[in-house]
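The values are calculated or read from the model by the stated rules, or taken from the named source; none is laboratory data. What you see is a predicted model, and the numbers here were worked out from it, not measured in a lab. Positions of Cβ are backbone-derived with ideal geometry, glycine not excepted, and every protein chain shown enters the neighbour counts. Just so you know, the surface numbers come from the protein's heavy atoms only, side chains and all, with ligands and any DNA or RNA stripped out. Shrake-Rupley method; radii C 1.70, N 1.55, O 1.52, S 1.80 Å.
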Amino acid sequence: QSSVTIYGKVEAGLQKMNGDSLKMTNIHGSRLGFRGAEDLGGGLQAKFQIEHRFSPDTGMDATYSPGGTNPATGVVTPASSTFWNGMSTVGLAGSFGEIRLGRYYSANFLGANNKPDPFGGDGAGALRGIGMQTTHVRTANIIHYSGSFSGVNVAVSTGLKEGAAKAHNSFAVGYANGPLDVGVGADKDAGSDVTNAYATYDLGVAKLAFGLGNKKTAAGVKTEGLLFGATIPAGPGKVLVGVAQAKNKTTDTTTNQKVGLGYYYPLSKRTALEFTYGRDSKAKTATGKNVGGADFTLHHNF
Amino acid sequence: QSSVTIYGKVEAGLQKMNGDSLKMTNIHGSRLGFRGAEDLGGGLQAKFQIEHRFSPDTGMDATYSPGGTNPATGVVTPASSTFWNGMSTVGLAGSFGEIRLGRYYSANFLGANNKPDPFGGDGAGALRGIGMQTTHVRTANIIHYSGSFSGVNVAVSTGLKEGAAKAHNSFAVGYANGPLDVGVGADKDAGSDVTNAYATYDLGVAKLAFGLGNKKTAAGVKTEGLLFGATIPAGPGKVLVGVAQAKNKTTDTTTNQKVGLGYYYPLSKRTALEFTYGRDSKAKTATGKNVGGADFTLHHNF
Amino acid sequence: QSSVTIYGKVEAGLQKMNGDSLKMTNIHGSRLGFRGAEDLGGGLQAKFQIEHRFSPDTGMDATYSPGGTNPATGVVTPASSTFWNGMSTVGLAGSFGEIRLGRYYSANFLGANNKPDPFGGDGAGALRGIGMQTTHVRTANIIHYSGSFSGVNVAVSTGLKEGAAKAHNSFAVGYANGPLDVGVGADKDAGSDVTNAYATYDLGVAKLAFGLGNKKTAAGVKTEGLLFGATIPAGPGKVLVGVAQAKNKTTDTTTNQKVGLGYYYPLSKRTALEFTYGRDSKAKTATGKNVGGADFTLHHNF
């Protein structure tokens, strides 16, 4: 039993988005995980990690969908559930880095796409989806390599196509040295290509972040995203702030222009309160309001 | 890892109900749970608890339903699964009591509705559903408060409506002092209102229980339930016995009149055998038999 | 918490079968299990064990099926998921043997059917399905007894019919003494009867295995299977080799004639690499190729 570590997070709170009712929410993804490692000798380790994601408000698997029939078209969407949505991997690690097989994050997501957003891409204040143009968080059937060498972080992943038109390939390269962290990455699949670049610099009084995201769909539509963020230690916690923009380069239209603001307040080492707010001055809800809202959550890690 | 406690129950046995075949059953709800707490200082604690329910006879999630199409009406019921059906909460606890957010029991269920039935509402002998008129066990999107002050137990919960017609609100107040425990509670939602009252008194040779349950549906139909029960230490275990009745006040018809009888036999601190029997002298099966039956199960807690 | 042991296996690798694309695979069944025991005194124990099976390549429950509609017939297959597919049992154990209630292996599967195949019935090299004619691995609503007395291993199981046409009954008897292990078993249900016989003998330089499998369907079709296998210690690991054949006795046609070859290479006590290859000289794919292929996987037990 010493070979298994149980870990996780349970988070719940309230969210009010324009055009929607007040809801119980869970912005960072509540989870229950099991991981372990075994020394194989010669500096080599075998490792496994499986991580379930769930929605505390309903008690359901976070990915659970009952499916349904479109009343207009009659098209049936089957039910679906990816219980170990967070990840499910086995692999080997050593001085060469780490290889994981299974379901896991794309190389670009961990290595570049998710780096600059002060909100981690989550909640009403999230900027990642707009500024970094995220198309892949995780991939099934993945072979994922990552390694760090003198501050240079390298990651490459491929999700086997298994009969589909095209595999999902991804890479990221970064360089971290003291307060500086910069890098680039890309995701390529049958549907779209995304390329990301980021730079973060920790001034002490604030950690500044800059990100670029470019997407090109198979149909040729190009989108360009931009993100500026800052994480500012303030009182016992930290202020999260940033802006992000997305422009359709094909039509030369700015589709999203969002500001995010938040405060993260730790109650202890493993428990925190978090408030985030966001407002998009371009994107509108179905009833013509600006897309935006706020949330306030309690999170507890174990 | 010291921050997580694993607990649960696996139960299996046989049940034979009138009009149905002999089946493997699981009356009290087999479960696997994870819980933990962290001291935040000042007497405050962060707590989480997630509890899965399953059916050992099939190995399936206890709530799993494949959905289906009604052949007569063509109406499609989508598939469903609430993996953490028992509960999934995070919250804060201190001298003020405890607040839980997520999926949890209604205040009335824990505080009044489930108090008097010697059978805990489970198995062939169960009286709760008839005498206490249970409409809510648990609710999604809940904010649940409970506290105890000098023997007075208070609980209030609200399940956010999230766009539905009405929220589910609930409360319970009880007073426990030595052998006596009395209280009242209520559940209110868009479909029906339930109010419960209970009193239990432990004479030593037997713990007596009395319960009242009143339900009023949105359409105005009123039902009145009544429950008498006793838990009698006998030999190494205890005899469970009681009667319950439900009367439709609108039509002045007694719809259910049930007797329950059982024996709980502990094999050890964590393992027990249980037999329960019930017979309703009013309610009939599709083939005209009295609703009723018996079950015999082995339960093991961990 | 001392009462719960967590165990499992995560396995992933690549498989290429004739007529199919290269896929990520998981031949032995990745799993996460929880088990425990409690002494009841007098040599008696209460035991529980629940075991989830999952697919690391997708992160999904291994049994998850979204269901669907047959476009030609309109017949709807509902969604399904047996989360604790491995097993979910509670029971009692003592000098008399062990009784388990819940979902579990059939007596024949554990006691005879799965004994001779060097591949354990898994992967491209698997011989069990052909030589031993497997119809039941596990059964719901099972009462399973097993016991060992002076080298004689006895198992009997019945899966309650619960309204179905017929229960699933099974037994197995074996005798193990030093290098020798021989036995017979059978599964009987509404659909088909299977009888198995096996003998394995460990010569030291190789463990030889022989198996027989006979199946008779309710419609009267008879199939006879035959299996020869050897597990040969070689270098740090072991070579797995064998042949299996299945003949339709009703039409006097040999439907399958398969050779399996593999190598199991332990990297440590709990981690291994495995290669298996198989080729059926009789069975053909949809495009007329011989059914067959190869896989290479990493497995890690915890």
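For this structure, a couple of remarks:
- Some residue of the stretch A:52-72 being more than 20 Å from C:GLY13 (Cα to Cα), of a type in the set (Val, Ile, Thr) and at pLDDT below 95: yes
- Residue in the stretch A:124-145 that is open to solvent by less than 60 Å² (accessible area, probe 1.4 Å), within 14 Å of another protein chain (Cβ to nearest Cβ) and small (Gly, Ala, Ser) present: yes
- Scanning the stretch C:107-123 for residues that are more than 10 Å from the chain's Cα centre (by Cα) and either open to solvent by 30 Å² or more (accessible area, probe 1.4 Å) or under 14 Å from C:ASN169 (Cα atoms) (or both) returns C:ALA107, C:ASN108, C:GLY111.
- Restricting attention to the stretch A:263-292, the residues that are among the basic types (Lys, Arg) and assigned to a loop (DSSP other than H, G, I, E, B) total 3.
- Residue check for B:TYR64: surrounded by fewer than 24 Cβ atoms within 10 Å (Cβ to Cβ), out of contact with any strand residue (DSSP E or B) (no Cβ under 7 Å at 6 or more places or on another chain) and among the aromatic types (Phe, Trp, Tyr): yes
- A:ALA12 falls short on exactly one of the conditions (1) more than 10 Å from chain B (Cβ to nearest Cβ); (2) over 18 Å from the mean Cα position of the chain (by Cα); (3) in contact (Cβ under 8 Å) with a residue 60 or more places away in the chain, and that condition is (1).
- Residue in the stretch C:273-288 that is under 30 Å from A:ARG35 (Cβ atoms) and away from chain A (no Cβ under 14 Å) present: yes
- Yes/no for C:PHE54 being touching a residue at least 24 places away in the same chain (Cβ under 8 Å), open to solvent by less than 20 Å² (accessible area, probe 1.4 Å) and either touching a His at 6+ places or on another chain (Cβ under 7 Å) or more than 16 Å from B:ASN301 (Cα to Cα) (or both): yes
- Residues satisfying the stated conditions in the stretch C:28-51, i.e. aliphatic (A, V, I, L, M), more than 13 Å from C:THR89 (Cβ to Cβ) and open to solvent by less than 20 Å² (accessible area, probe 1.4 Å): C:LEU32
- Counting only residues that are in contact (Cβ under 8 Å) with a residue 40 or more places away in the chain and within 14 Å of chain A (Cβ to nearest Cβ), the stretch C:258-272 holds 0 of them.
- Subset of the stretch B:245-264 [closer than 22 Å to B:PRO116 by Cβ and either hydrophobic (A, V, I, L, M, F, W, C) or open to solvent by 40 Å² or more (accessible area, probe 1.4 Å) (or both)]: B:GLN245, B:ALA246, B:LYS247, B:LYS249, B:THR255, B:GLN257, B:VAL259, B:LEU261, B:TYR263, B:TYR264
- Residues in the stretch C:219-242 include none that are under 20 Å from C:ASP181 (Cβ atoms), modelled with pLDDT of 95 or more and acidic (Asp, Glu).
- Yes/no for A:THR139 being closer than 30 Å to A:ALA294 by Cβ and either hydroxyl-bearing (Ser, Thr, Tyr) or within 10 Å of the chain's Cα centre (by Cα) (or both): no
- Sole residue being touching a His at 6+ places or on another chain (Cβ under 9 Å) and within 14 Å of another protein chain (Cβ to nearest Cβ), chosen from C:LYS188, C:LYS166, C:LYS161: C:LYS161
- Summed over the stretch C:69-123, the residues that are of a type outside the set (Phe, Trp, Tyr), closer than 30 Å to C:PHE210 by Cβ and either away from chain B (no Cβ under 12 Å) or without any contact (Cβ under 8 Å) to a residue 12 or more places away in the chain (or both) give a count of 18.
- Single residue of the stretch A:217-249 satisfying the filter (among the aliphatic types (A, V, I, L, M) and more than 30 Å from A:GLY204 (Cβ to Cβ)) that is farthest from the chain's Cα centre (by Cα): A:ALA219
- On the stretch given as the stretch B:169-181, residues that are of a type in the set (A, V, I, L, M, F, W, C) and either within 14 Å of chain A (Cβ to nearest Cβ) or more than 18 Å from the chain's Cα centre (by Cα) (or both) total 2.
- Residue among A:VAL194, A:VAL239, A:VAL243 that is part of a strand (DSSP E or B), under 29 Å from A:ALA272 (Cα atoms) and touching a Lys or Arg at 6+ places or on another chain (Cβ under 8 Å): A:VAL243
- Residue in the stretch C:250-260 that is under 19 Å from the mean Cα position of the chain (by Cα), within 30 Å of A:ILE50 (Cβ to Cβ) and either modelled with pLDDT under 95 or not small (Gly, Ala, Ser) (or both) present: no
- If you go through the stretch C:162-177 and pick out every residue that is within 22 Å of B:LEU22 (Cα to Cα) and touching a residue at least 24 places away in the same chain (Cβ under 8 Å), you end up with 6.
- The stretch B:25-68, subset under 25 Å from C:LYS161 (Cα atoms) and among the aliphatic types (A, V, I, L, M), residue nearest to the other protein chains (Cβ to nearest Cβ): B:MET60
- If you filter the stretch A:293-302 down to residues that are open to solvent by 20 Å² or more (accessible area, probe 1.4 Å), within 14 Å of chain B (Cβ to nearest Cβ) and in contact with a Phe, Trp or Tyr (Cβ under 7 Å, 6 or more places away or on another chain), you find that the one that is farthest from A:MET24 (Cα to Cα) is A:PHE302.
- The residues of the stretch C:276-292 that are touching a residue at least 40 places away in the same chain (Cβ under 8 Å) and surrounded by fewer than 18 Cβ atoms within 10 Å (Cβ to Cβ), listed by number, are C:THR285, C:ALA286, C:THR287, C:LYS289, C:ASN290.
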